[in-house]
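Working notes, beginning with the structure itself.
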Amino acid sequence: MIHSVNLTLCPAAGAEYGGWEGLRRELEELGCDGVEGIWGGGEIPDDFPKELLGGYHLTFFPDWLDFYREDRKALLDKYGDMATVRRFYGGVGRETLMSLYRADLDRAEALGARYVVFHVSDVSIVEGYTYRWLHRNREVIDASIEVINQLLEGRPHTFAFLMENQWWPGFTFTEPEETARLLEGVRYPGKGLLLDTGHLMNANLDLQTQAEGAAFIAEMLRRHGNLCRCIRGVHLHQSLSGAYVRANTGQLPPDLPEDCVERFGVSYRHILQVDRHRPWTDPAILPVLEKISPDFLTHELQAGSREERRRAVSVQRALLASGGF
């Protein structure tokens, strides 16, 4: 099992560790093999040591389906005018989105990524507050299949393509029929699943303890049966946010900004309260991981600094070490 820490691939990340050798030493001290990188929006530093890259998380827009469909009415309802749409997405038309994904796949290949991660979900800022969904799971899954097959057609099979669950419309890992539909639809030979434990917990607002979360994940694995063989990676964290969701969703907050960029920033802070990315401390998760036996495990934990990241990963890594992982 390859242990990684999520990291944005940008000059600031290297500087935070006093250079990439500092990052290498820290990873060794934490008992981790490398990082799961994600593009930071600029050039990836030329001196980043490729051998530290375990996997690569593809860039994404949380709200992409209406843009991909070029649904002008839906876009105007969300953004007001097409100039704002262009400002938010960097262009107009589905090729804007596809070009962004292709360029990111090129980065992953150039870095020698063993796997890439792709979100199969769609949620607008408004939906993130109201929890009244605009699209059904199968709509998002079918459109994602179309996008994935277009992106990977003719591309050399140099990495595993792992599709990640969310609690928003799309692939949630709560309905085996929908999981099977996704896997059957994607034609890439190296396809697989990446199970995000915190995202799966977010799909059940009744969870109150980590032990209950571990039991819920185990039940979803049981329901999925042989489909679990397709799980090759895990994003490991825990999220108990049911009380927050009940108290802070159902309607838009009165002070939500009108400007879409400002609104996105405000809503992101809200999402971090829903999706908490906290380290596991309850050993109830250990038999769950033993059942999955993933090739790749990313300690995907919320942290505002190097020191916070080190503390969070240390807590979770110690728990796993106690179970032989």
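Among the GluC sites (Glu not before Pro) within the range 233-325, which fall in a DSSP loop and have no more than 16 other Cβ atoms within 10 Å of their own Cβ?
Here the GluC sites (Glu not before Pro) that fit, given the DSSP loop and packing criteria, are Glu258.
Please order Trp39, Trp280, Trp133 by the number of other Cβ within 10 Å, starting at the fewest.
Ordered from fewest to most neighbouring Cβ atoms within 10 Å, Trp39, Trp280, Trp133 come out as Trp133, Trp39, Trp280.
For the chain, what does the helix formula give at 222 nm: sum of -39500 (n - 2.57) over DSSP H segments with n ≥ 4, over the residue count, nearest 500 deg cm²/dmol?
Mean residue ellipticity, 222 nm, calculated: -14000 deg cm²/dmol.
Could I have the simple spin-label model distance between Asp259 and Thr281, label points 7 Å from Cα toward Cβ, reported in nm to one decimal?
About 4.0 nm, to one decimal.
Report the calculated FRET efficiency for Arg229 and Glu177 (r = Cβ-Cβ distance, R0 = 22 Å), to the nearest 0.05.
It comes out at approximately 0.85.
For the range 258-268, take each phi angle, set θ = phi - 60°, evaluate the Karplus expression 6.51 cos²θ - 1.76 cosθ + 1.60, and give the result in whole Hz per residue in order, putting x for glycine and proline.
Values, residue by residue: 7, 5, 5, 5, 4, 4, 5, x, 5, 5, 5 Hz.
Among the GluC sites (Glu not before Pro) within the range 50-151, which fall in a DSSP loop and have no more than 12 other Cβ atoms within 10 Å of their own Cβ?
Answer by residue number: Glu70.
What order do you get for His135, His157, His119 when you list them from fewest to most C-beta neighbours inside 10 Å?
Least crowded to most crowded, the residues run His157, His135, His119.
Across the range 89-105, in residue order, what do the Karplus-derived ³J(HN,Hα) couplings come to in whole Hz, using 6.51 cos²θ - 1.76 cosθ + 1.60 with θ = phi - 60° and x for Gly and Pro?
Values per residue, Gly and Pro as x: 9, x, x, 10, x, 4, 5, 4, 5, 5, 5, 4, 5, 4, 4, 6, 4 Hz.
Explain nothing, just the number: relative contact order of the range 36-137, from Cα pairs under 8 Å at least 6 residues apart, as a whole percent.
Relative contact order of the range 36-137: 35 percent.
So for the range 198-325, averaging the separation of alpha carbon pairs under 8 Å that are six or more residues apart and normalising by length, what relative contact order in percent results?
It rounds to 33 percent for the range 198-325.
In sequence order, what are the phi-derived ³J(HN,Hα) couplings for the range 280-297 according to the Karplus relation 6.51 cos²θ - 1.76 cosθ + 1.60 with θ = phi - 60°, rounded to whole Hz, with x for glycine and proline?
6, 10, 9, x, 4, 7, 5, x, 5, 5, 5, 5, 6, 6, x, 6, 10, 10
What number do you get for the range 50-196 when its Cα radius of gyration is normalised by 2.2 N^0.38 Å, N = residues?
Rounded to two decimals, the normalised Rg is 1.06.
Sorted from largest down, what three extents in whole angstroms do the Cα atoms of the range 239-295 have along their principal axes?
Sorted from largest, the Cα extents of the range 239-295 read 47, 25, 16 Å.
Antiparallel versus total DSSP beta bridges in the chain: what percent is that, nearest 5?
In the chain, approximately 5 percent of DSSP beta bridges are antiparallel ones.
Under the rule a/c < 1.5 gives rounded, and otherwise a/b versus b/c splits prolate from oblate, where does the chain land using the Cα gyration tensor?
rounded
Could you tell me which of Pro257, Pro294, Leu227 has its Cα farthest along the dipole of the range 2-322 towards the positive end, charges placed at Cβ (Lys, Arg +1; Asp, Glu -1), taken about the Cα centre?
Going by the charge dipole, the pick is Leu227.
At most 11 other Cβ atoms within 10 Å and a DSSP loop assignment: could you name the trypsin sites (Lys or Arg not before Pro) in the range 74-153 that fit?
Arg132
Which length gain, in nm to one decimal place, applies between Ser314 and Val245 when the Cα-Cα distance is subtracted from 0.36 nm times their residue separation?
Additional length available on full extension: 22.0 nm.
Got the relative contact order for the chain handy, in percent, Cα pairs under 8 Å and 6 or more residues apart?
Over the chain, the number comes to 18 percent.
Since every read-out is calculated from the coordinates, none of them should be taken as a lab result. What you see is a predicted model, and the numbers here were worked out from it, not measured in a lab. All Cβ positions, even for glycine, are placed from backbone atoms using ideal geometry, and neighbour counts span all protein chains on display.
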